[in-house]
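Report on one structure; see the data block that follows.
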Amino acid sequence: MTGTRTEDTTRVVDGVLRARRSLRAFRPDPVPRALLEDILDVASSAPSNSNTQPWRVHVLAGAAKDAIGDALVAAFRDNSLPPSPHFPEPLPEEHAQRQRDFGATYYRTLGIDIADMASRMRQTEKNFHFFGAPVGLIFTIDRRLAPHSWLDLGLLVQNVMIAATARGLGTCPQVSFARFHPVLAQHLAMTEHEVTVCGMSLGYPEAEAAVNRMAMPRRAPRDFANFEGFMAP
Ligand SMILES: Cc1cc2nc3c(=O)[nH]c(=O)nc-3n(C[C@H](O)[C@H](O)[C@H](O)COP(=O)(O)O)c2cc1C
């Protein structure tokens, strides 16, 4: 495969990349363990700095997933854990604007008034039961590593989503779990060095659900890429 490029390969790979989107409504059909192992196996082809492969994945289903979901919802309602600093406060305006645009689209699609905080909280809570997906994944990394190793984990996470999409499955990456690392660490008997980076819902998509039909816009390459040394187009 290395060094070859056929139109078919391009079409298939581009098609899967563009087909992936964050899905938040799932059918209850179980996902076999062998299929999950297959997805993780191909996803582990992700590159990593000096091939350190610094990822660890907890794969949850059935009663284990439900028990963790209940514990996370309880912790979310209890609100005693400090907020997770996954965005700076304040978020620089350029990024904040896109965050607001996402929120507006998300809550409009769900029929939730953006000012209705109680309904928004109920929707946020759905993260912790993996939006009803039959499988939940929790991605952790060794906290002694530096930020660049989190990039390695991100590449694995994207590979998992792409491999799942290619098999007719849907996913939603979720940073919401990070705040609840202490709860997850206890339930999953994590080592003292592990820290939760994100979670992921995974299952067969509920194709008709409006929330699964959102197509979030992207910036064009001319808006985020800087080309130097090319002839004028
Ligand atoms: C690192 C990361 C964390 C995210 N966390 C959440 C989350 O906690 N809950 C959620 O519903 N979506 C979450 N998302 C999904 C984003 O909202 C989504 O990727 C973005 O709006 C673009 O939409 P798309 O994935 O459908 O293309 C997350 C995505 C990423 C990459």
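Some observations on this one:
- Average accessible surface area per residue within the stretch 66-142, 1.4 Å rolling probe, Å²: 57
- Computed over the alpha-carbon atoms, the chain gives an Rg to Rh ratio of 0.97, Rh here being the Kirkwood radius from the mean inverse distance.
- Relative contact order for the stretch 51-150, counting Cα pairs under 8 Å that sit 6 or more residues apart, in percent: 58
- Alpha-carbon gyration tensor eigenvalues x 5, square-rooted, for the stretch 76-212, Å: 24, 20, 17
- Mean separation of Cα contacts under 8 Å, 6 or more apart, over the residue count of the chain: relative contact order %: 35
- Centre-to-centre separation between the Cα atoms of the stretch 37-59 and those of the stretch 148-198: 11 Å.
- Model label sites at Ala104 and Thr124, defined 7 Å from Cα along the beta-carbon direction, differ in position by 2.1 nm.
- Among the trypsin sites (Lys or Arg not before Pro) found in the stretch 139-233, those both in a DSSP coil and sparsely packed, with 10 or fewer other Cβ atoms within 10 Å of their Cβ, are Arg144, Arg218, Arg219.
- Summing +1 for each Lys or Arg and -1 for each Asp or Glu among the other residues whose beta-carbon sits under 13 angstrom from that of Phe26 gives +1.
- Value of relative contact order over the stretch 89-217, rounded to a whole percent, pairs C-alpha under 8 Å and six or more apart: 32
- Once Rg and the Kirkwood radius are both taken over the C-alpha atoms of the stretch 1-119, their ratio Rg/Rh works out to 1.02.
- Proximity of backbone amide H atoms, modeled 1.01 Å from N, is registered between Ala25 and Glu206 at under 5 Å, excluding neighbours fewer than 5 places apart on the same chain.
- Top of Asp223, Asp113, Asp70 by mean-square fluctuation, Gaussian network on the chain, Cα under 10 Å: Asp223
- Across the protein chains, with a 1.4 Å probe defining accessible surface, the residues Val57, Val13 rank Val13, Val57 from largest area downward.
- Accessible surface of the stretch 36-160, 1.4 Å probe, proportion on carbon and sulfur as whole %: 56
- Debye, to nearest 20: dipole size of the stretch 1-141, +1 on Lys, Arg Cβ, -1 on Asp, Glu Cβ: 200
The values are calculated or read from the model by the stated rules, or taken from the named source; none is laboratory data. Note that the structure is predicted; figures quoted are calculated from it, not measured. Glycine gets a Cβ as well: all are built from the backbone with ideal geometry, and neighbour counts include every protein chain shown. Side chains are part of the model used for accessible areas, which takes the heavy atoms of the whole protein and leaves out ligands, DNA and RNA. Shrake-Rupley method; radii C 1.70, N 1.55, O 1.52, S 1.80 Å.
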